[in-house]
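The values are calculated or read from the model by the stated rules, or taken from the named source; none is laboratory data. Bear in mind the structure is a predicted one, so any value in this text is a computation, not a measurement. All Cβ positions, even for glycine, are placed from backbone atoms using ideal geometry, and neighbour counts span all protein chains on display.
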Amino acid sequence: MEKLRQDRLNALIDVAYTRTPYWKELMDSRQIKPGDIRTLKDLQQFPLLEKDTLRKKREQMVWREEGKRVQLVRTSGSTNEALEFYTSSSREAHINAARMRGHEWVGVRRGEKEMYYWGSPVELSKQDKIKRFRDFLVNDGLSNGFELNKERVRQYVSQWMAWKPKCLFGYPSTFVLTVSMCLDMGINLSSLKDRGLHAIITTSEMLSDIDRDLISQAFGVPVFDSFGLREGGLIGHECEQGTMHCMDEQVILETIDPESLEPTNGEGELVITNIVGKAFPIIRYRTGDIVTLSQKECACGIKLSSIKISGGRAVEFIVTKTGKWVVGYSFIYIARMVKGIVKFQVVQEELGEIRIRLAVDTQFPENGKDQVKELARTRLNSDDNILVEIVDDIEPAPSGKYRPVISKVAEQLYKERSFS
């Protein structure tokens, strides 16, 4: 494994130096030659890569001739900071292979039915249609978890009962809301276990022990978590023992003190180097996530390192006047579709009114506010009053984490278990 990692790191550094202007200029300025990186520790000769640098130097960091489908993608993750970067077919193939392997760790083999319970982009593109055909061939299904009300949840459960998936895959918050609505309606989700459901796999948000237990008890099957960054790749996936194993052959992980930025011994802010993404080298990228890394052996027998996430990512819901619960991630897709959005935040303080705050740059179009409002109205499918405002910046919460969605309405209704 260490030889494979070193070989892939060497290949990545060589590509970065010979194929990308940004990394060549940086390495020359620091007198780093590709041959100098002989061990994983040598990687610390590189400075930390900040998200703002990636955003500003993106076009100087890409190797467009790496292979098929080197293309620009946009993400906001679970934060409210928009980011564009390049990916390629080979990089995506590595990520998909890692995800398949993670699912096999918990007893879900490729080709067995998996239902993806999350959202889809605002508009269906040709590529989405191709993906749907591919999903049909490999037994993947999709239920839109971005827009939930009791009737829709009832329909989804009926569809799942008929389709008999072995795995449900989605966001923890979506599963928690689904469980709460089903309890309120008297729907027994554990019946899905009798139809072949084997596991729930979650992603993208912090999975608390309380939520894990709630979901597991309702569905009658174990819940396993996965962890990754769109720009960094899939980082870890839990095994049947509950250990989150790292994808060591694809990523090199470090930790630093978030204040001093000095390396730490396995506990601190996560720094990632993706060693299979040669089209767009990501070297020592700060993630902002607080983690603990470990080399301790797991009883499952998997010989990979492990990771625990200490600082979580949270997402919330917006509630429309019609009673529909719309998951916060749906607004991330809106932020991806309009150029120039650097940060965004959706705030709902009272039912019927939604305020979208945007920090933008010079690429934001003159009619950008109207575009955002129209996309939001399409997503909500409701006549709620939508206000769009441009702000200088969006400050993080006292915890230091950005909250892309803040809904006092959803918080109160959730406390009251009022989902009608």
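Worth a mention:
- For residue 326: the one exception among (1) on the phi > 0 side of the Ramachandran plot; (2) surrounded by 15 or more Cβ atoms within 10 Å (Cβ to Cβ); (3) touching a residue at least 40 places away in the same chain (Cβ under 8 Å): (1)
- Single unsatisfied condition, residue 278 versus (1) more than 17 Å from residue 405 (Cβ to Cβ); (2) in a helix (DSSP H, G or I): (2)
- Among residues of the stretch 348-366 that are assigned by TED's automatic domain parsing to the domain that holds residue 395 and in contact (Cβ under 8 Å) with a residue 24 or more places away in the chain, those with a beta-carbon under 6 Å from a residue that is surrounded by 13 or more Cβ atoms within 10 Å (Cβ to Cβ) and polar (S, T, N, Q) at least six positions away or on a different chain give the pairs 348/407; 354/348; 357/345.
- Being among the small types (Gly, Ala, Ser) and farther than 22 Å from residue 84 by Cβ is a description that does not apply to residue 330.
- The stretch 292-351, residues that are closer than 23 Å to residue 412 by Cα and of a type in the set (Ser, Thr, Tyr): 320, 322, 329, 330
- Residue list for the stretch 203-226, filter: within 16 Å of residue 180 (Cβ to Cβ), at pLDDT 90 or above and touching a Gly at 6+ places or on another chain (Cβ under 9 Å): none
- Flag for residue 225 being more than 17 Å from residue 317 (Cα to Cα) and outside any helix (DSSP H, G or I): yes
- Annotation: residue 235 fulfils all but one of (1) closer than 21 Å to residue 292 by Cα; (2) β-branched (Val, Ile, Thr); (3) modelled with pLDDT of 95 or more; (4) assigned to a helix (DSSP H, G or I); the unmet one is (4).
- For the stretch 22-58, residues that are outside any loop (DSSP other than H, G, I, E, B) and over 30 Å from residue 360 (Cβ atoms) total 13.
- Residue match in the stretch 208-217 (condition: within 20 Å of the chain's Cα centre (by Cα), more than 19 Å from residue 167 (Cα to Cα), of a type outside the set (Phe, Trp, Tyr) and in a helix (DSSP H, G or I)): yes
- Members of the stretch 25-44 found to be of a type outside the set (A, V, I, L, M) and in contact (Cβ under 8 Å) with a residue 40 or more places away in the chain, listed by number: 44
- Tally of residues being in contact (Cβ under 8 Å) with a residue 24 or more places away in the chain and under 25 Å from the mean Cα position of the chain (by Cα) across the stretch 368-380: 7
- Residue match in the stretch 292-299 (condition: at pLDDT 95 or above, in a strand (DSSP E or B) and more than 20 Å from the chain's Cα centre (by Cα)): yes
- Helices (runs of 4 or more DSSP H) fully within the stretch 312-420 that include at least 2 residues being under 28 Å from residue 225 (Cα atoms) and modelled with pLDDT under 90: 329-337, 408-416.
- Residue match in the stretch 273-284 (condition: assigned by TED's automatic domain parsing to the domain that holds residue 71, surrounded by fewer than 19 Cβ atoms within 10 Å (Cβ to Cβ), under 20 Å from the mean Cα position of the chain (by Cα) and not hydrophobic (A, V, I, L, M, F, W, C)): yes
- Taking the stretch 358-383 as the range and being surrounded by 13 or more Cβ atoms within 10 Å (Cβ to Cβ) and either at positive phi or polar (S, T, N, Q) (or both) as the test, the residues that pass are 371, 382.
- For the stretch 181-204, taking the residues that are assigned to a loop (DSSP other than H, G, I, E, B) and among the aliphatic types (A, V, I, L, M), the one that is surrounded by the fewest Cβ atoms within 10 Å (Cβ to Cβ) is identified as 187.
- Residues in the stretch 152-201 that are touching a Gly at 6+ places or on another chain (Cβ under 7 Å), modelled with pLDDT of 95 or more and among the hydroxyl-bearing types (Ser, Thr, Tyr): 190 only.
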